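Here the structure is laid out as structure tokens; the discussion comes afterwards.
None of the figures in this text is laboratory data; all of them are computed from the coordinates on show. Please read these numbers as outputs of a predicted model, since none were measured by experiment. Virtual Cβ from ideal backbone geometry, glycine too; neighbours counted across all protein chains shown.
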There are 2 protein chains.
Amino acid sequence: MPRRVDHQERRQRIAGALWRIASTRGLEGASLRDVAAEAGISLGQLQHYFATREEMLRFTLEHFSALSGERIRKRVATGYPEPTPRAVLREIAAELLPLSEEQRVALRVQLGYLVRVLHDEGLRPQAREGVLALRGLLADQLRIAAERGELTAGLDPEREAVRLLALTDGLANAVLLDVLAPGAAMGLVDEHLGGVFGG
Amino acid sequence: MPRRVDHQERRQRIAGALWRIASTRGLEGASLRDVAAEAGISLGQLQHYFATREEMLRFTLEHFSALSGERIRKRVATGYPEPTPRAVLREIAAELLPLSEEQRVALRVQLGYLVRVLHDEGLRPQAREGVLALRGLLADQLRIAAERGELTAGLDPEREAVRLLALTDGLANAVLLDVLAPGAAMGLVDEHLGGVFGG
């Protein structure tokens with residue numbers, strides 16, 4: 001199986017190169033040729049792994065989204081002896097805000113991808129699935145909270161998932177544009193969760 | 001003064017051409033040459049009005065932002081005999097959501113511009129000013145509401161302006177991506193305003 005592992009490692013190395021270019025010049029500035037150069041491989045080698053720019057983009061976003069999920073899991077596991085749904089939701093929201101330089105880069109790349117998706121029907125299904133999966137994850141936590149009697153009475157988990165994601169998304173844009181401090185954004189998320197979890 | 005009027009009309013015609021290109025192919029697909037062709041003028045004529053792509057972009061966004069403000073004023077003036085702060089806030093939020101095809105196009109173009117701005121320090125001050133002006137407009141309405149005793153006790157107008165803008169922004173993205181119906185987004189805005197205005 002070592003060959004297979006190498007393949008995956010090579011793909012991740014390419015994804016990292018695309019990420020670095022996208023974070024400085026934007027996604028539009030990243031051709032297959034540029035990415036190959038940044039990854040230190042030939043264009044032919046790159047095309048062995050990704051036949052098209054879209055395939056490369058998709059893999060890269062999935063790869064960084066997986067890393068982001070990993071970070072959330074770690075923070076929840078190390079930060080809370082018995083993680084509550086509220087704690088999990090807080091950590092997910094924190095991951096979706098540009099609180100660190102790394103997250104700032106990730107969000108900038110994701111926004112660039114969103115714009116591409118909005119002009120390209122072919123990319124939309126994957127992007128929609130990603131958002132719906134994240135929303136489902138939040139709704140699951142909110143349902144568990146409701147079962148534990150922790151949710152404010154009368155709130156619908158599915159609806160609250162939409163609200164929390166939308167708020168976080170909008171706050172993230174404000175932080176990226178430097179019209180809101182990262183700490184203030186997190187403060188508004190905490191206040192929001194305070195309302196959802198009955199204070 | 002007829003010459004001056006002609007200039008302004010010509011600039012608006014160019015802005016319309018840029019808008020049409022940006023709404024289908026995205027901002028990256030709009031070179032000065034493309035825009036001149038779409039507007040039915042020569043590149044030289046276009047450059048008489050806009051020396052750079054950035055100047056053209058800036059004017060176009062200001063022009064469409066002014067049209068958007070005009071639409072809000074009209075809807076408030078015709079829809080409410082005595083417009084309350086809550087009604088004004090609702091109409092501003094409605095204008096910021098992709099409820100019509102025209103608004104969908106506008107938001108797509110604006111998102112493309114946001115991504116450009118995030119990769120270009122030079123464009124950031126104007127974009128920041130735009131967001132801060134909008135936030136100030138909302139905060140003014142919320143302050144009037146507080147003076148009229150209509151705001152839920154304990155809420156800070158400035159903070160509520162940030163919350164309402166962030167929520168609307170995030171909901172707009174969800175509607176653009178077709179993971180939320182326009183009506184559901186407006187419903188969440190109304191629910192939010194219900195909380196801000198004490199039910």
*Kirkwood Rh and Cα Rg combined as Rg/Rh, the range A:3-52*: 0.97
*Give the angle, between 0 and 90 degrees and rounded to the nearest 10, that separates the Cα long axis of helix A:124-147 from the longest principal axis of the Cα atoms of chain A.*
30
*Simple label model, 7 Å out from Cα along Cβ direction - A:Glu82 to B:Gln126, nm*: 5.7
_Defining a contact as two alpha carbons under 8 Å apart and six or more residues distant in sequence, what relative contact order in percent does chain A show?_
19
*asked:* From the C-alpha coordinates alone, can you work out the Kirkwood hydrodynamic radius of the range A:40-129, in Å?
replied: 15.2
*What list of ³J(HN,Hα) couplings, whole Hz, do you get for the range B:77-90 from phi and the Karplus terms 6.51, -1.76, 1.60, once you set θ to phi - 60° and write x for glycine and proline?*
5, 8, x, 9, x, 10, x, 8, x, 4, 5, 5, 4, 4
*Can you tell me the 0 to 90 degree angle between the C-alpha axis of helix B:157-176 and the longest principal axis of chain B, rounded to 10?*
60
*What is the calculated FRET efficiency for B:Arg71 to B:Ala181, with r their C-beta to C-beta distance and R₀ = 25 Å, to the nearest 0.05?*
0.70
_Compute the helix-to-body angle for A:182-196: its Cα long axis versus the longest principal axis of chain A, expressed 0 to 90° and rounded to tens._
50
_With Kirkwood's inverse mean 1/r over C-alpha pairs for Rh, give me the Rg to Rh ratio of the range A:120-177, two decimals please._
1.09
*Could you tell me what % of all Cα pairs in the protein assembly as shown have separations over 32 Å?*
40
_Can you bin every Cα-Cα distance in the range A:74-199 into 10 Å intervals starting at zero and give me the percent of pairs per bin, rounded to whole numbers?_
12, 40, 35, 12, 1
*Okay, helix-only estimate at 222 nm for chain A: each DSSP H run of n ≥ 4 adds -39500 (n - 2.57), divide by all residues, round to 500 deg cm²/dmol; what do you get?*
-26000 deg cm²/dmol
*Name the residues of the range B:156-199 whose amide N is less than 17 Å from a point 7 angstrom out from the Cα of A:Glu191 along the C-beta direction?*
B:156-170, B:192-199
